[in-house]
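**Student:** Pasting a structure below so you can have a look.
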Amino acid sequence: MAIHWQDTIVINRPAEDLWAVFLDLFNAPSLPGSSFSVRQTTPGPLALGSILRARRVILGFETVLIQRITEFDPPQALTASIEGRPFRSMVDRWTLEPVAGGTKLTETLDMELVPALRLLWPLIGPFQRRQRAQQARDLKVKLEGEVRVAAG
């Protein structure tokens, strides 16, 4: 069972600023819905082919996800293929598009769950969608609030 999600939100901040925040791995633990640690395991600056190791809590369990950057188009798009429990496979794509009032951030997730979670998905899927939507709203508030503090 393949799962496809797409979330879009407009953040009142230039695409270049958002790109810089998202690619600064030191920021990852402070961003809503993000990993509590992320480190690059390949040498050099973050680029196409870079590999990241992220620790997150998913469905109440700590897990390690290995992310390989498969698209790197600053400051417009970033795609990673992700391996780790509870996914059989996952692709996460972020796009940034300048619009009136800021930047439209679109996250597209395509994932395949392990068999046990496929059975539970009708129960946990709606909860996960609500949680992701709240994390997107929290991200908007955080990033727009940082702009006001910096400008004030």
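The values are calculated or read from the model by the stated rules, or taken from the named source; none is laboratory data. All figures in this text were calculated on a predicted structure; none of them were measured in a lab. Please note: Cβ atoms are built from the backbone with ideal geometry, for glycine as well, and neighbour counts cover all protein chains shown.
**Student:** I'd like to verify a number: residues in the stretch 81-108 that are aliphatic (A, V, I, L, M) and either surrounded by fewer than 16 Cβ atoms within 10 Å (Cβ to Cβ) or modelled with pLDDT of 95 or more (or both), how many?
**Tutor:** 4
**Student:** If I ask for residues that are of a type outside the set (Ser, Thr, Tyr), over 21 Å from Pro74 (Cβ atoms), free of Cβ contacts under 8 Å to residues at least 40 places away in the same chain and surrounded by 13 or more Cβ atoms within 10 Å (Cβ to Cβ), which ones from the stretch 1-54 would you list? Give the steps one after another, and end with the answer.
**Tutor:** Our first condition is that a residue be of a type outside the set (Ser, Thr, Tyr); within the stretch 1-54, this holds for 1-7, 9-29, 31-33, 36, 38-40, 43-49, 51-54.
Those left that are additionally over 21 Å from Pro74 (Cβ atoms): 1-7, 29, 32-33, 36, 53.
Checking which are free of Cβ contacts under 8 Å to residues at least 40 places away in the same chain leaves us with 29, 36, 53.
If the condition is that a residue be of a type outside the set (Ser, Thr, Tyr), over 21 Å from Pro74 (Cβ atoms), free of Cβ contacts under 8 Å to residues at least 40 places away in the same chain and surrounded by 13 or more Cβ atoms within 10 Å (Cβ to Cβ), then Arg53 is the only one that fits.
**Student:** Going by the conditions given, is Asp73 more than 15 Å from the chain's Cα centre (by Cα) and under 18 Å from Glu107 (Cβ atoms)? Give the steps one after another, and end with the answer.
**Tutor:** Working: more than 15 Å from the chain's Cα centre (by Cα): yes; under 18 Å from Glu107 (Cβ atoms): yes.
Judged against the criteria, Asp73 is a match.
**Student:** Something else: Identify, by number, the condition in (1) under 18 Å from Ala136 (Cα atoms); (2) crowded, with 16+ Cβ neighbours inside 10 Å that Val57 doesn't meet.
**Tutor:** (2)
**Student:** Go through the stretch 95-129 residue by residue and tally those that are among the β-branched types (Val, Ile, Thr) and in a helix (DSSP H, G or I). Full working, then the answer.
**Tutor:** Going through the stretch 95-129, the residues among the β-branched types (Val, Ile, Thr) turn out to be 95, 99, 103, 106, 108, 114, 124.
Those left that are additionally in a helix (DSSP H, G or I): 124.
Total satisfying the criteria: 1.
**Student:** Being among the β-branched types (Val, Ile, Thr), closer than 21 Å to Glu16 by Cα, at pLDDT 85 or above and loosely packed, with under 15 Cβ neighbours inside 10 Å narrows it down to one of Val141, Val64, so name that one. Spell out the reasoning first.
**Tutor:** Details: Val64 fails: closer than 21 Å to Glu16 by Cα.
Just a single option satisfies the conditions, and that option is Val141.
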